[in-house]
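**Student:** If you scroll down you'll find the structure; I have some questions about it.
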Amino acid sequence: MVSTRIETKQSVNHPPCIWMQAGVVPKKLCRIDYQCTACAYDRAMRRTATENEQLKEKGRMPRGKRGRIVFWKDKLKELPAWKQPCLHHMIGHIEFRSCTHDYQCANCEFDQYFSDQFAVHAVVKPVDVLDIKGFKIPHGFYLHPGHTWVKIEEGAAVRVGLDDFAMRLLGPLDQIEAPLMGKQLEQDRPDIALNRQGNHARLLSPVSGVVTDVNPQLRERGSRGTEDPYSAGWILRLHCSNLRQDLKKLMIGNQAGAFIDQEVDRLYDVIEETAGPLAADGGYLGDDIFGHMPQIGWQKLTRLFLRS
């Protein structure tokens, strides 16, 4: 069995949180790539800012550090108009541009144009990655038990793909077929098809939503997903109307790491049932596990790990 050495994890410089950039808090770094809708800190700050507003409306001034918390947009509005940064500049998408719509992004033509173009064509390569026994999970990515991932983008838009574990388990795929744009996907329904040398499998959709874009390159060359599963290897984009509820059934951070750790142990058990004890060389499992050990069986691997 091919094994790989442990990769040294490089230190990562996290960018400043939006609340820090606005000057609401003195120091807070963002560790989930500005996916504010999935951020517990952002939700807590918004809740506190709302409570402070309600107290002020009743003529009661909130006290202490907590009482100084206001919405980050309101804090930025205290600056001269030409110094008020566009949100896309704050999250690192563009050079400085001032906000021209009083932070009402829904009414901004630039925001609509930029979001459409950026979300479809610009795929950011994750730099902050967990290494679980040689398998990678980027921070800020949600995992489904069927080994698909979800990356929240703008608003209710998400990007979906197949995780590093599944890609290395099944090896370079010939084709990954996603439903056509406009189709409705349902969480836990096998809506995505995989093909390799006459072997077929289905992926469970990690969330429900309407398909807004697909990665055409994977239909012609599914192996591209294996090369870069969390960026260029994305499968499709969805507009989700019930995202918050769907995310409750997924895993992120330490929970996702513990899940992959268990899956690797299960995989070792499956391999040893077929091939006998593995050499204790201190290495990790390599790529294309099915290709190196086809005797395990495609159907067995996809049934156990894709759960479809």
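**Student:** Match the structure shown to one of the listed values (1) -0.40, -0.75, -0.86, -1.30; (2) -0.34, -0.64, -0.75, -1.32; (3) -0.30, -0.58, -0.68, -1.22 of log10 I(q)/I(0) by the Debye sum over Cα atoms at q = 0.07, 0.10, 0.11, 0.16 Å⁻¹, computed from it, and give that label.
**Tutor:** (2)
**Student:** Take the cross-link list LYS27/LYS83; LYS56/LYS249; LYS75/LYS136 and give me the ones stretching past 31 Å between alpha-carbons.
**Tutor:** Numbers: LYS27/LYS83 21 Å; LYS56/LYS249 38 Å; LYS75/LYS136 38 Å.
The pairs that break the limit, which is 31 Å between Cα atoms, are LYS56/LYS249; LYS75/LYS136.
**Student:** Contour minus end-to-end for TYR268 and GLN112, with contour as 0.36 nm per residue of separation and end-to-end as the Cα-Cα distance? Don't skip to the end; give the middle numbers.
**Tutor:** On the way: separation 156, 0.36 × 156 = 56.16 nm, distance 4.75 nm.
Value of the extension gain: 51.4 nm.
**Student:** Can you compute the modelled spin-label distance between ARG31 and HIS89, with each label point 7 Å from Cα toward Cβ, in nm?
**Tutor:** 2.9 nm
**Student:** How big is the Cα convex hull of the stretch 125-308 in projection, averaged over all directions, in nm²?
**Tutor:** Working: hull surface 39.6 nm².
Spelled out: convex hull of the Cα atoms, projected over all directions, averaged, 9.9 nm².
**Student:** Is the stretch 18-121 best put as rounded, prolate or oblate by its Cα gyration tensor, with a ≥ b ≥ c the root eigenvalues, rounded for a/c under 1.5, and otherwise prolate when a/b is larger than b/c, oblate when not?
**Tutor:** Values: a/c = 2.06, a/b = 1.65, b/c = 1.25.
Note, shape of the stretch 18-121 comes out prolate.
**Student:** Contour minus end-to-end for SER98 and ASP128, with contour as 0.36 nm per residue of separation and end-to-end as the Cα-Cα distance? Walk me through the intermediate numbers first.
**Tutor:** Details: separation 30, 0.36 × 30 = 10.80 nm, distance 2.92 nm.
Once the chain is fully extended between SER98 and ASP128, it gains 7.9 nm.
**Student:** Tilt of helix 40-57 relative to the longest C-alpha principal axis of the chain, in degrees (0 to 90, nearest 10)?
**Tutor:** Relative to the chain, helix 40-57 is tipped by roughly 20 degrees.
**Student:** Compute the long axis of helix 109-121 from its Cα atoms, compare it with the longest principal axis of the Cα atoms of the chain, and write down the angle in degrees, 0 to 90, nearest 10.
**Tutor:** For helix 109-121, the angle is close to 20 degrees.
**Student:** If you take the beta carbon distance between HIS14 and HIS200 as r and set R0 to 45 Å, what does 1/(1 + (r/R0)^6) give as a FRET efficiency, to the nearest 0.05?
**Tutor:** Details: r = 41 Å, r/R0 = 0.92.
About 0.65, to the nearest 0.05.
**Student:** So what's the gap between the Cα centers of the stretch 239-266 and the stretch 45-90, to the nearest angstrom?
**Tutor:** After rounding, the separation between the Cα centres reads 33 Å.
**Student:** Sorting LYS249, LYS58, LYS151 on the 10 Å Cβ count, fewest up front, what's the list?
**Tutor:** On the way: LYS249 13, LYS58 7, LYS151 23.
Lowest to highest Cβ neighbour count: LYS58, LYS249, LYS151.
**Student:** For TYR268, TYR142, TYR34, which order do you get if you count the other beta carbons within 10 Å of each Cβ and list the fewest first?
**Tutor:** On the way: TYR268 14, TYR142 24, TYR34 18.
Listing TYR268, TYR142, TYR34 from fewest to most nearby Cβ atoms yields TYR268, TYR34, TYR142.
**Student:** Using 0.36 nm times the number of residues separating MET181 and ASP287, minus their current alpha carbon distance, what extension gain do you get? Don't jump to the answer; show the numbers that get you there.
**Tutor:** Details: separation 106, 0.36 × 106 = 38.16 nm, distance 3.16 nm.
Taking 0.36 nm per residue and subtracting the Cα distance, the gain is 35.0 nm.
**Student:** At a 10 Å Cβ-Cβ cut-off, how would you order PHE110, PHE96, PHE71, PHE135, fewest neighbours first? Write out the running numbers ahead of the final one.
**Tutor:** Values: PHE110 15, PHE96 9, PHE71 19, PHE135 22.
Going from least to most buried by this count: PHE96, PHE110, PHE71, PHE135.
**Student:** Which value, in nm² and rounded to one decimal, describes the direction-averaged projected area of the C-alpha convex hull of the stretch 34-188?
**Tutor:** Values: hull surface 54.6 nm².
Quarter of the Cα hull surface area: 13.6 nm².
Just so you know, all these numbers are worked out from the coordinates, no wet-lab data involved. All figures in this text were calculated on a predicted structure; none of them were measured in a lab. Because the Cβ atoms are built from the backbone with ideal geometry, glycine has one as well, and the counts that use them run over all protein chains shown.
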